[in-house]
1. Write out, first by first residue and then by second, each pair whose Cβ atoms fall under 6 Å of each other, whose residues are 6+ apart or on separate chains, and whose first residue, in region 348-374, is touching a residue at least 24 places away in the same chain (Cβ under 8 Å) and on the phi > 0 side of the Ramachandran plot while the second is among the hydrophobic types (A, V, I, L, M, F, W, C) and surrounded by 18 or more Cβ atoms within 10 Å (Cβ to Cβ).
2. Go through region 1-18 and report how many residues are free of Cβ contacts under 8 Å to residues at least 60 places away in the same chain and part of a helix (DSSP H, G or I).
3. Can you pull out the residues in region 318-335 that are within 23 Å of Ser271 (Cβ to Cβ) and touching a His at 6+ places or on another chain (Cβ under 9 Å)?
4. (1) surrounded by fewer than 24 Cβ atoms within 10 Å (Cβ to Cβ); (2) in contact (Cβ under 8 Å) with a residue 40 or more places away in the chain; (3) out of contact with any Asp or Glu (no Cβ under 9 Å at 6 or more places or on another chain): which one isn't true of Thr90, the others all being true?
5. Scan the helices (runs of 4 or more DSSP H) fully inside region 295-374 and keep the ones with 1 or more residues being under 26 Å from Ala258 (Cα atoms).
6. Return yes when Glu236 is of a type outside the set (Ser, Thr, Tyr), within 25 Å of Glu105 (Cα to Cα), within 17 Å of the chain's Cα centre (by Cα) and assigned by TED's automatic domain parsing to the domain that holds Tyr318 and no when it is not.
7. Kindly establish whether Gly62 is more than 27 Å from Ser228 (Cβ to Cβ) and among the small types (Gly, Ala, Ser).
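The values are calculated or read from the model by the stated rules, or taken from the named source; none is laboratory data. No experiment lies behind these values; they were computed from the predicted model shown. Glycine gets a Cβ as well: all are built from the backbone with ideal geometry, and neighbour counts include every protein chain shown.
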Amino acid sequence: MDFSLTEEQTLLKDSVAKFIQNDYGYEDRQKLIKTESGYSADNWRTFAELGWLCVPFSEGDGGIGGGPIETMILMEEFGKGLVVEPFFETVVLSGSVLSRAASPEQKAELIGGIIEGTQVIATAFAEPESRFDLNHVATTATANGDSHSLSGKKSFVLQGGNASTLVVAARTSGDTRDEAGISLFIVDPSASGVSIESAKTLDGHSAADITLDNAPGTLLGAEGEGLSVLKAARDESILALASEAVGMMEKLYKDTVAYTKDRKQFGMPISVFQALQHRMVDMFTAHEMVKSLLLRAVLSYVNNDGEADKNIAALKYYLQVNGQAVAHEAVQIHGGMGMTDEMSTGMYLKRINVINTLFGNGDYHLKQFTALAS
């Protein structure tokens, strides 16, 4: 099978790689995460000007008609640079929801705003007791004329404190764990009844807990049919996050190899020691395994071959196992300084650990894979 990129995909990859190399140093990134928003508004506008924010959207929605493959290319390069701008949260996760559920008028406003770089959108689907189950929704939405009133709590809303618009999953009918009766709503974060408590995550990104107390919301898509939209957005999100992690794994093993060539003990580079060579070969092999699983899962999803759910579950499980293995080896070979904020090595480990917990950890997806394979 031919895995080579098209000319357009190669140009996309090269443009992101060039930006990361020339304009996105690790020290600059560390300064950004200490600001209130945690990212650069100037960088976000640059992303829009370079056309990256329109990549996954259809031409009818104002995009260039890309898909999971193009998103994979972008996210892999973003992973190498530990990018903190809200591309995943706004373009991948929220963009996937809006593309499937929004009306033409809502798309023009919200997707158009994403592409222009004027909108940061956060999707609130998780709740304090929901674990990884998208159908566990206790937040309620009560019809109130042409709008709805939402009440409940949403947890770990990625970029929730920076969002100009919220997409909220709430129940319009049924019990807490029913699959039917889940609807999606557009909520203004500055509206009455919306309380947002933001915090920095382990990897320097931003997340928020959101409390809704009769907050006004506008229906997004068909009432009671939000779960299928969320499931599709979850699958595309896992593929995107795995792509980011694959980029980080590549950077980790290459940086570690370079470090061992410079670091000397007993008058010689430590790269000549066979024990370390074996460990770095293991890092390379682990990266190649996850990258292969990523390619298989992405192509399976794009081709709709009936195996996508199983391949995505396998990818997420091995990402946890091999991603942590590569990051831990990198830290150990770098020594104690590998965990300091002055070096990127420890931050890669932290980001990989966060990615492993999003949309189901390895244990959760191993169970999913076992059930699908049986």
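1. Listed pairs, sorted by first residue: Phe359/Ile238.
2. The number of residues fulfilling the criteria is 7.
3. Just the residues of region 318-335 that are within 23 Å of Ser271 (Cβ to Cβ), to begin with: 322, 325-335.
Selection gives Asn322, Val326.
4. Unmet for Thr90, out of (1) surrounded by fewer than 24 Cβ atoms within 10 Å (Cβ to Cβ); (2) in contact (Cβ under 8 Å) with a residue 40 or more places away in the chain; (3) out of contact with any Asp or Glu (no Cβ under 9 Å at 6 or more places or on another chain): (1).
5. Values: elements: 308-334, 344-357, 362-373.
The qualifying helices (runs of 4 or more DSSP H) are 308-334, 344-357.
6. Working: of a type outside the set (Ser, Thr, Tyr): yes; within 25 Å of Glu105 (Cα to Cα): yes; within 17 Å of the chain's Cα centre (by Cα): yes; assigned by TED's automatic domain parsing to the domain that holds Tyr318: yes.
Criteria met by Glu236.
7. Details: more than 27 Å from Ser228 (Cβ to Cβ): no; among the small types (Gly, Ala, Ser): yes.
So Gly62 does not fit the description; no.
A quick yes/no check of all residues on (1) closer than 21 Å to Leu202 by Cβ; (2) among the acidic types (Asp, Glu); (3) surrounded by fewer than 20 Cβ atoms within 10 Å (Cβ to Cβ); (4) under 18 Å from the mean Cα position of the chain (by Cα):
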| residue | (1), (2), (3), (4) |
| --- | --- |
| Lys264 | no, no, yes, no |
| Gly267 | no, no, yes, no |
| Met283 | no, no, no, no |
| Ala286 | no, no, no, no |
| Gly306 | no, no, yes, no |
| Val326 | yes, no, no, no |
| His334 | yes, no, no, no |
| Gly346 | yes, no, yes, no |
| Leu349 | yes, no, no, yes |
